[in-house]
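Read the structure below first, then the notes.
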Amino acid sequence: MTKNSYAGKIAFINLSNNKIKFELTEKYTRKFIGGRGINLWLLYNYSKIEYHPLHRNSPIIFGTGPLTGTLAPGSGRLDIAAKNYYTKGIGYSNACGYFAPELKRAGFDHVMIYGKAEKPVYIKIINGLIEIHPADDIWGLTTWETEKYIKHENKDPYLQVLSIGPAGERLVKGACIIINRDCAAGHCGLGAVMGSKNLKAIAVKGENPIELSNPDKFYRYFEEIWAKITSKSKVTNVIKKLGSLMYFSSTAEAPVRNNQDAYLNQFKVVLPQKFIKEKGFMGIGYYMCPISCRHYFKTKYGILKGPKTNGLHDFVSRLEIYDIDDVIKLNALCNKVGLDIDFTSNVIAWSIEAYEKGLLTVKDFDGLKPEWGNSDFVERMIYKIVNLEGIGKVLAKGVKSAARIINKGSSKFAMHIKGHDLYEAFRTRIAYGLGAATAPRGGGHLDGSPLCEFPKLWTKEDCIRIYGIENCNDGLTYNGKAEIVFYHERLKYVIDSIGICYFFTIWGAPDYPTLDDYCNLLNAAVGSKYTPSDLLFIGERILNVAKAYNTLHAGFKRKDDYPPQRFLSEPIKSGPYKGTKLSKRKWDRLLDKYYTIHGWDAKTGLQKKEKLFELGLESVALDLMKHKKLIM
Amino acid sequence: MATNISTNDGFTLKINPVKCLGCLACVMVCSFHHTKMLNPYYSSIEILRDDDNATIRLKHYKVKENMHYACDRCQGEKRVLCIDICPTEALYIK
């Protein structure tokens, strides 16, 4: 076999009977590359429509890509897929850290886990050997304690561990998977899927080298790409200091008080440049990451890893907590107990608004008084959610279900898309919003949403050079936005399938490496002859698998690709965008355009036979046809 | 920043732990230098993060140990790769 950067194997672990099977990765690489592509194809094939997301045989799949563990920037990301606990549709999320390269060096590109262990277990994968160990002693521990315990028990500080906290064990909808204490695969309730299998953690160590098809060529391309990020980009200096925090800016729309407003008037109190200078003392960049999306901070609660951009929007914008020490503490608490911060802040913000509107009382909160900006209240609510105590038990089901339970009109301000709790605020950023509204997993700005609607970073010239569309940086215009989203959907599936961080592409900054750059790197790593167009075609294929899964398992249609009602009916109350809201009529037209350029049916939002055949997804077309959900 | 290769016998790699991000670029590029493959366990450098104390530890293998190659001061390269690749200039020679 020729040398390439794949580990070469996929492991299928059945926790019900401890049996393990193997397959060669190459069976899937031509059509789906690796990472998210292969993950979603395995999920599509092994997940049955009648399975609940927490069904014992519902699989959870961990995947690396061909560039994982190489020199490629941000090549430490682990992609995880399972049936979406919120929506019953497609579920996926990824996280950085040091785990993914270790898994690949341990001999596996992908690991699929299904079945359910009788008692709590953790899986250990060392140099190709897979063992299942009892986890009774660590069930109930936080993710931080779990990582420490496993390293200590195995007397091996080099083990890399992913784990769930008590939130995952108790099947909280917003339960996430944590790597290296603060890298979270937050979306889709994947922590609860692990919990439902009695799977507490996975520990890996791999001492096998990753080979390259053409090492010299690979290194030359790598040097060019690395220089683009670390020295040639016009935003290098800002990014080096702030990482993704540079997108937390006064001009960016924010989900203020559960999106009742979108302008953070006390923005200057939590200026990243300011608090990093005052309290940050060390940047953190995980595997092959040359920027610092987060830092260690000296806080009044001790030394803690700080939040990324969404941590600031979740706790500062959404809940109006302006004490940065408190924000860092709450962010760390969520990571410890294994709760997605976007979910957590969303359900708590909804509950505060429900109280404000008189739909809930202090009695419902067991005597706690809900209020914006009260970090003690938020901390106690986090414990209530994790412990399924009082109102916490309701919030643990996610905002859509919580609003149904409380009723009294509270669904009107329950911020979710397709039933998945929502992080994104988008009354002033149409492309960003369209990407989130149409994302197969239900919200999230890491599918089709671009970041070009930040005029400070994106110039007119950038818009024309990258998208061929003038004024793409004007957030309010609907023109050309469907096309930009379509490009980013495909690009993101490619990036997640080859196994690198999306931030190090033109998504993160307009002068960052392009798909052409990564195509060259990939070809040198695996000995392929892909062109950028080939890769986008594969990206489109993966998108169509995700879309078909949603149609079959969750029954999603056009109506599920709309923004939450609040963005369509309530204008922004203050700030530079005062009075702005989305237009239903324009969104209708935008969706028409969006479906048409995808080759999907604009009336229903369903897929067409012609497109699926063009993409080589004949079996998917057949599945949809059987369920009368294919437009012929 | 290109760094000239030292021929000094006292070549010791040092780290400014406050500057280091823990990205392991130095570790991996060193592995590539020795073997054209990627494996931190081949590298002459080891970087280990201690989250309890928020510290970074560097180990410089000047002699072969287990799978780790001995540092050859980047013989055959135009620059000392680990120092050159570091995005924060955290590594230096003493």
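The values are calculated or read from the model by the stated rules, or taken from the named source; none is laboratory data. Keep in mind that what you see is a predicted model, and the values were worked out from it rather than measured. Glycine gets a Cβ as well: all are built from the backbone with ideal geometry, and neighbour counts include every protein chain shown. Only protein heavy atoms, including side chains, enter the accessible area calculation; ligands, DNA and RNA are left aside. Shrake-Rupley method; radii C 1.70, N 1.55, O 1.52, S 1.80 Å.
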**Q.** Cα gyration tensor, segment A:487-598 - rounded (a/c under 1.5), prolate or oblate
**A.** oblate
Q.
Taking a ≥ b ≥ c as the square roots of the Cα gyration tensor eigenvalues, with a/c under 1.5 meaning rounded and otherwise prolate when a/b beats b/c, else oblate, which class fits segment A:52-167?
A. oblate
Q | Surface accessible to a 1.4 Å probe, per residue, for the residues of segment A:1-85, Å² | A | 36
(Q) From the mean inverse distance of alpha carbon pairs (Kirkwood) and the Cα radius of gyration, derive Rg over Rh for segment A:389-468. (A) 1.15
Q: Please tell me the relative contact order of segment A:24-143 in percent, rounded to the nearest whole number, where contacts are Cα pairs under 8 Å and at least six residues apart.
A: 22
(Q) Over chain B, what is the relative contact order in percent, taking alpha-carbon pairs closer than 8 angstrom and at least six residues apart? (A) 39
(Q) Suppose we compare each residue of segment A:280-305 in its chain alone and in the full protein complex with a 1.4 Å probe; which ones drop by at least 50 Å² of accessible area? (A) A:Met282, A:Tyr296
Q: Using the structure shown, list the pairs from A:Lys559/A:Lys626; A:Lys336/A:Lys397; A:Lys329/A:Lys418 with a Cα-Cα distance above 27 Å, or answer none.
A: A:Lys329/A:Lys418
**Q.** Kirkwood-based shape ratio for segment A:541-632, expressed as Rg/Rh from alpha carbons
**A.** 1.12
Q. Can you tell which of B:Ala90, A:Asn374, B:Val29 lies farthest toward the positive end of the dipole of the protein assembly as shown, using +1 and -1 charges on the Cβ of basic and acidic side chains (Lys, Arg; Asp, Glu)?
A. A:Asn374
Q) Given q = 0.11 Å⁻¹, what are the Debye log10 I(q)/I(0) values for the protein assembly as shown, with equal point scatterers placed on the Cα positions and solvent ignored? A) -1.17
Q) How would you rank B:62-68, A:334-340, A:256-262, A:54-60, highest first, on the average number of other Cβ atoms within 10 Å across their residues? A) A:334-340, A:256-262, A:54-60, B:62-68
Q) Computed on alpha carbon atoms, what radius of gyration and Dmax characterise segment A:339-396, expressed in Å? A) 10.1, 28
Q: Report the accessible surface area buried between chains B and A, summing both sides, using a 1.4 Å probe on protein heavy atoms only, in Å² rounded to the nearest 100.
A: 3000
Q) Carbon and sulfur atoms: what percent of the 1.4 Å accessible area of chain A do they account for? A) 50
Q) Residue by residue through segment A:19-27, which ³J(HN,Hα) values in whole Hz follow from phi under the Karplus form 6.51 cos²θ - 1.76 cosθ + 1.60 (θ = phi - 60°), with glycine and proline marked x? A) 8, 10, 10, 10, 9, 7, 5, 4, 4
Q | Dipole magnitude of segment A:543-623 about its Cα centre (Cβ charges: Lys, Arg +1; Asp, Glu -1), debye to nearest 20 | A | 640
Q.
Just to confirm, what accessible area per residue do you get for chain B at 1.4 Å probe, in whole Å²?
A. 48
Q: Calculate the tail of P(r) for segment A:250-348: the fraction of all Cα-Cα distances greater than 22 Å, expressed in %.
A: 27
Q) Residues of B:44-51, mean number of Cβ from any other protein chain within 10 Å of their own Cβ, rounded to a whole number? A) 3
(Q) Taking amide H atoms as placed 1.01 Å from N in the peptide plane, list the residues 5 or more away in sequence, or in a different chain, whose amide H sits under 5 Å from that of B:Thr55. (A) B:Asp50
Q: Would you please give the residues with an amide H less than 5 Å from that of A:Tyr92, counting only those at least 5 places away or on a separate chain, with H modeled from the backbone geometry?
A: A:Ala82
Q) Just counting partner chain Cβ atoms within 10 Å, what average do the residues of peptide A:205-216 show around their Cβ? A) 4
Q. Distance from the Cα centre of segment A:305-324 to that of segment A:149-220, in angstrom?
A. 25
Q) In segment A:1-145, what is the count of Lys pairs whose alpha carbons are under 21 Å apart, counting only pairs at least 8 residues apart or on separate chains? A) 27
Q: Only Lys, Arg, Asp and Glu count, each charged at its Cβ (+1, +1, -1, -1), so figure out the dipole size of chain A about its Cα centre, rounded to 20 debye.
A: 1060
Q. Quick one: Karplus J couplings for segment B:20-27, per residue in order, coefficients 6.51, -1.76, 1.60, θ = phi - 60°, nearest Hz, x for Gly and Pro?
A. 5, 8, x, 7, 6, 4, 5, 4
Q: Quick one: compute the contact order of chain A, relative version, from alpha carbon pairs under 8 angstrom and 6+ residues apart, as a percent.
A: 15
Q: Considering the options A:Gly579, A:Cys501, A:Leu515, tell which one lies farthest towards the positive end of the dipole of segment A:477-632, charges being +1 on Lys and Arg and -1 on Asp and Glu at the Cβ, about the Cα centre.
A: A:Gly579
Q: Rounded to whole Hz and in sequence order, give me ³J(HN,Hα) for segment A:616-632 from the Karplus expression 6.51 cos²θ - 1.76 cosθ + 1.60, θ = phi - 60°, writing x for Gly and Pro.
A: x, 10, 4, 5, 5, 4, 5, 4, 5, 5, 4, 9, 6, 10, 10, 8, 7
Q | Globularity index of segment B:13-93, i.e. its alpha-carbon radius of gyration over 2.2 N^0.38 Å | A | 1.02
Q) What number, rounded to the nearest 500 deg cm²/dmol, is the helix-based mean residue ellipticity at 222 nm of chain A, given -39500 (n - 2.57) per DSSP H run of at least four residues and division by all its residues? A) -11000 deg cm²/dmol
Q: Loop sites only, by DSSP: take the GluC sites (Glu not before Pro) in chain A that have at most 14 other C-beta atoms within 10 Å and name the longest stretch containing none of them.
A: A:119-370
Q | chain B: Cys lacking any partner C-beta under 4.7 angstrom | A | B:Cys20, B:Cys23, B:Cys30, B:Cys71, B:Cys74, B:Cys86
Q) How much area per residue is accessible in segment A:229-382 when the probe is 1.4 Å and only protein heavy atoms are counted (Å²)? A) 33
Q: Taking the Cα centre of segment B:13-93 as origin, sum charge times position over the Cβ atoms of Lys and Arg (+1) and Asp and Glu (-1), and report the length of that vector in debye to the nearest 20.
A: 280
Q | With 5 Å bins from 0: P(r) over segment A:133-222, alpha-carbon pairs, percent | A | 3, 14, 22, 19, 12, 9, 8, 7, 5, 2
Q: Find the lysine pairs in segment B:13-93 meeting two conditions, Cα atoms under 24 Å apart and a separation of 8 or more places or different chains, and report how many there are.
A: 13
**Q.** Positive-end residue of A:Ala227, A:Asn198, A:Gly89, charge dipole of chain A with Cβ unit charges
**A.** A:Gly89
Q.
Report the Rg/Rh value for segment A:323-454, based on alpha-carbon coordinates and the Kirkwood definition of Rh.
A. 0.98
Q. Taking one equal scatterer on every alpha-carbon of segment A:1-84, how large is log10 of I(q)/I(0) by Debye at q = 0.14, 0.22, 0.25 1/Å?
A. -0.53, -1.12, -1.31
